[in-house]
Structures are given as structure tokens and as C-alpha cells.
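The values are calculated or read from the model by the stated rules, or taken from the named source; none is laboratory data. Model, not experiment: these values are computed from the prediction. FYI the Cβ positions are ideal-geometry reconstructions off the backbone, even for glycines, and counts take in every protein chain you see.
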Amino acid sequence: MNGARNTLRAWGPLLACLAWLALTIWVRPLALPDEGRYSGVAWEMVRTGQWLTPTLDGLPYFHKPPLFYWITAASLSVFGLHEWAARLAPFLGAALAAASLFLFARRWFGEGVARTSLLVFATAPLSYFGAQYANLDMLVAGCITATIFSAAHAVLAPEGAGRNGAVLGAWLFAALGVLAKGLIGAVLPFLVLVGWLALVRRPRGLLVLLSWRGALVFLAVAGPWFVLMQERFPAFLHYFFIVQHFQRFTGTGFNNAHAFWFYPVVLALLLLPWTPWVAGLARRDFWRADGLLAQRLLLGVWVLAITLFFSLPRSKLVGYIFPVAAPLALLMADAALQRLRRSPATGRWLRGTALLAGAIGLVACVWITLAADTRQRDLALELRQQMQPGDRVVFIWDYHFAVSFYAALREPVIVVDDWTPAVVQSRDNWRKELGDAAQFQPDQRELFTAGQLDALACGTPRPRLWVFAGSEAPRVFAWLRASTRVDEKNGLTLWRLDPGAATPACPGTPSASSGARS
């Protein structure tokens, strides 16, 4: 009994943190486009049984590596097509970050700071919502966090004391980070650790981390998938590393362009109401207190290096900054408990901040759920109830990422647009994603021009067609006016064209250029 009580006391804070992060993971419909896109790719792995090559609408999709898809596909296979099952990967990333944060803080800062850092991490909106948002950012953030904490522990710990295990763990988590989102899984920990060791004048720490066993672990975990993809698709490595890594980092033609100061503002807002506790870091005696200067400098370099790294490119997304959530939580917890030692009244402010942070998270979750765009989900669920084997689904002038997931589609959809190279490459959007993917599968049959769809709809025989399109589509496709209008949700309509239905309205074939609308 005492053993169980001691175990619960030791690990209870971490379990409570994970329970809180998972509390509302099931509430929201999939957010678009990201959650629909990545969950849809994972669902395609399940339905096809092809787990090596990620596909989007049946086309090889190499924007990102496969770890997120593997975890999500396994979750969907076991638990079914539920939103919370599609969010297991980011939750596991947050759990990995929380566990490594807790262990590092407990070893080097003490039990009180470890518990408080978990409280900050779990309730700050940045990590709370990141843990339940189905994209790759929190998964790679968890791997980066575990890599840096493992490596730092190996450098700080005396010889023995789990040093070898920590080194191997750092290499393993770096490999998983590469499989989660590419080179940043290894590059960012390297930048942080080199900068930290230079600042604390411990260059020999690098010798501790250099390990041939660790390198073998890294290559064995991260290497095979890249080798297999290059063997199957000769242009893979160029596309994955040059286009999706270096050109995206240095280019100006990608979406989500923001100013250099974007991430400091994001952190100030998404750490609320904990943000004011950062002021404690400005105290002159904060960094050297208790002889933990090296540990605190690690956290400071970590936050600054990663924030600066992602501030350089023009394209910026909120999720890119997730890797700094754990070190900031630890710094704020450390500062708060230092202040608590000087002023016991600080405890009331600390508890009040935690309660306010939890309330903000819950209220924001309710608001996001009520404001969510559910058009694709609602129409897809209707389609799922009525669709029969052999039916085909058509998207006109848009790609509806959540439909494949909610409708449990068993085949790729037909996507109608203008697929000429100039149009495809003109904007960084869904059309470019599919156009790039089609380059790896020249015999693809999913991307239709308007004329090809017209020929299918007006031909004999034809499958039953389920068409998702906006209100302007019947003006271009006259046969669509003779179809059955199944339902309409706020401008998005689902039509059905039955195999035996007469199509007297079939006109001449529209030009391919009439397909481009977005």
C-alpha cells in the first residue's frame, strides 16, 4: 500500500497533467484544412493497407515524413474514425514533452519546480491546444524537447548516473523528430546544445554526446524510410529536402507570411495568463540562484535560438514555436517559486493564475467548438449513410479535406480544376499540393479537367456521382442542374447523379480554363 501511495505521489502530477491535456480532445470537429488533411492521409493508409508511402487522394504526398501518419493510422485502426483518435499523435507529442520536462526539472530543480512547471505547461493555451490539434507540430516539439533534455542531462550528470542511457535517448528522440517533421528534429536540438555549451564554456560536453552507438540508433530509426522512398521515387530526396525544406525556409512565395516579431507576440498571447511571470527572469539574482546557472542558461538559449530560427523565414505558423513551450514553462515555474520563497503571498497569485488559465482553456475550447465550420463534416456524414460500393465522389474547384475522414471513403475522389502547370504553381494552396503529388504518379486518374468530368457525367455507362461544389457550379456544368440536390450547408452543396438518371442538359464540353475558381 505504501509503495502504491509513493508511486502515485511521485508520478501523480504527470498523470494529472496528461489527463488535463486529454480532457477536451474529443470535443471539436476537425479544423480545416490542417486536421482534415493530416487525418485524411492517415485514413488512406488504413483503407489501402499501404503504410510506407503517405498519399493524399491516392497520390504520393511527401510534404512531411510519416511518423504522424503511422501513429494516427494505428489509432484509427484500433479506435475507429473519431476526432480524438485522429489527435492521438499530438497528444503523445505533448505527453513526451511533459514527461521529459518533469523528469529533468525534478532531477535538477527539485520536486516543487517540477510540479509547478507541469502546471504551467498543461494550462498554458500554447501547449493545451497544441496537444489536441491534429498536425505534426506538437509531435515534433515533443521529440525536440525530449532530445534536448536527454542530451543536457547527459552533459550535466556525473559519469555513470544514467549518462549512457541519456545519450542514446537523445539520439533516438532526434531520429523520431526527423521522422516526425524532417531535419528540424535534429537541427534544432543541435543548434540549442552547441549554443548552450559554447555559452557555458563546456565544449567537451559535445564529446559526451558523440556516440557511435547513438549514431547507429539514429540511422536505424530515421534512415530506412528515406532510402525506400528514394528507391521508389527518384525525385523524392530533391523534393523533400530542397523544395520542402530549404526553399520553404528561404522562399517568399509560401503562405502565412508574417513579420519578424510574429513569434514574440504569439508567445505573449498564448502563454496568458502565465505571461507576467516571465518578468521574474529579469531579476539580477534569478539566473545564479541555487547554483543552477548552467541549467537556466540551457533553457534561455533554447527559447531564444528556436524563436530566432523560426523568425527568419517569411512563412510562419503558430505551431512552429511549440518546441519552446517546455523550457518557458520551466523558467516561469522556477521564477515563481523563487518569488514564493521571498513572499509567501505569491502562492495565492500562483493558484489564481492556474485557475484562470484552466478556465481560459475550457472557455476557448467551447467557443472554438461552437464557431467551427461543420459543413464538410455534416455533408460527409450524410454521404457515408447513403453511399454504395462503386459510387464516385467529385470535388469541383476545391479540395474538402475532412470529407474522406468523416465519410470513411474507400476510394480517391475526383478533383476538378484547371491542372495546367502555370495555374498549379501560381499559389501555395491545395491545388499545388495535389499537383506536386501527381508528379510522383504520372498515371494518376484523380485530377480531372472540367471537360473530363463533363464526359464522365454525360457518358454511358457512368457510376453514381456524389458532387461537392459551391453554388456557382451548376452555371458551368449544366447537367448538375438535373442532378438530385441532397443537401446544402452554408454555400457548400452535395448533389447526386444516379446512373440511370436522364441528363438532357449535357452541353458541349467546357474549356479546361473554366475549372479554376480559387
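Descriptive notes on the structure:
- Condition met for GLN425 (surrounded by fewer than 20 Cβ atoms within 10 Å (Cβ to Cβ), modelled with pLDDT of 90 or more and either of a type outside the set (A, V, I, L, M) or out of contact with any Lys or Arg (no Cβ under 8 Å at 6 or more places or on another chain) (or both)): no
- Test: residue in the stretch 259-282 that is over 30 Å from ARG202 (Cα atoms) and in contact with an Asp or Glu (Cβ under 8 Å, 6 or more places away or on another chain): no
- For the stretch 404-432, a residue qualifies if it is within 22 Å of TRP43 (Cβ to Cβ) and polar (S, T, N, Q), and the qualifying residues are SER404, ASN429.
- Residue match in the stretch 359-372 (condition: under 24 Å from THR55 (Cα atoms), touching a residue at least 12 places away in the same chain (Cβ under 8 Å) and within 25 Å of the chain's Cα centre (by Cα)): no
Okay, residues lined up against (1) part of a helix (DSSP H, G or I); (2) surrounded by fewer than 24 Cβ atoms within 10 Å (Cβ to Cβ):
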{"residue": "LEU30", "(1), (2)": "no, no"}
{"residue": "SER39", "(1), (2)": "yes, no"}
{"residue": "THR53", "(1), (2)": "no, yes"}
{"residue": "HIS63", "(1), (2)": "no, yes"}
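- Condition broken by LYS489, with the remaining ones in (1) under 34 Å from the mean Cα position of the chain (by Cα); (2) surrounded by fewer than 20 Cβ atoms within 10 Å (Cβ to Cβ); (3) farther than 28 Å from ARG377 by Cβ satisfied: (3)
- Output for the stretch 375-397, where each listed residue is crowded, with 19+ Cβ neighbours inside 10 Å and either in a strand (DSSP E or B) or within 28 Å of the chain's Cα centre (by Cα) (or both): ARG375, GLN376, ARG377, LEU379, ALA380, LEU383, VAL393, VAL394, PHE395, ILE396, TRP397
- Boolean, GLY58 is within 30 Å of LYS432 (Cα to Cα), touching a Phe, Trp or Tyr at 6+ places or on another chain (Cβ under 6 Å) and either in the same structural domain as LEU362 (by TED's automatic domain parsing) or in contact (Cβ under 8 Å) with a residue 60 or more places away in the chain (or both): no
- For LEU272, the conditions (1) assigned to a loop (DSSP other than H, G, I, E, B); (2) over 30 Å from LEU331 (Cβ atoms) are fulfilled apart from (2).
- Of all residues in the stretch 76-87, exactly one satisfies the criterion of being in contact with a Ser or Thr (Cβ under 8 Å, 6 or more places away or on another chain) and either buried (at least 24 other Cβ atoms within 10 Å of the Cβ) or in a loop (DSSP other than H, G, I, E, B) (or both), namely ALA86.
- Within the stretch 339-350, residues that are assigned to a helix (DSSP H, G or I) sit with their Cβ atoms under 8 Å from residues that are among the β-branched types (Val, Ile, Thr), at 6+ positions apart or across chains, in these pairs: ARG339/THR346; LEU340/THR346; LEU350/THR116.
- Reported count of residues in the stretch 168-223, each being farther than 25 Å from PHE91 by Cα, of a type in the set (D, E, K, R) and in contact (Cβ under 8 Å) with a residue 40 or more places away in the chain, is 2.
- Only one of the listed residues (LEU355, LEU281, LEU330, LEU317) is over 16 Å from PRO264 (Cα atoms), among the hydrophobic types (A, V, I, L, M, F, W, C) and surrounded by 14 or more Cβ atoms within 10 Å (Cβ to Cβ). That residue is LEU330.
- Matching residues, the stretch 457-478, being of a type in the set (A, V, I, L, M, F, W, C) and closer than 19 Å to THR493 by Cβ: ALA457, LEU465, TRP466, VAL467, PHE468, ALA469, ALA473, VAL476, PHE477, ALA478
Conditions (1) more than 21 Å from GLY182 (Cα to Cα); (2) at pLDDT 95 or above; (3) of a type in the set (Val, Ile, Thr), marked per residue:
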residue	(1), (2), (3)
PHE79	yes, yes, no
ARG87	no, yes, no
ALA94	no, yes, no
ALA99	yes, yes, no
VAL120	yes, yes, yes
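- For the stretch 353-374, the set of residues classified as of a type in the set (Val, Ile, Thr) and in a helix (DSSP H, G or I) consists of THR353, ILE360, VAL363, VAL366, ILE368, THR369, listed by residue number.
- Annotation: of all residues in the stretch 224-247 being in contact (Cβ under 8 Å) with a residue 40 or more places away in the chain and not in a helix (DSSP H, G or I), the one that is surrounded by the fewest Cβ atoms within 10 Å (Cβ to Cβ) is ALA235.
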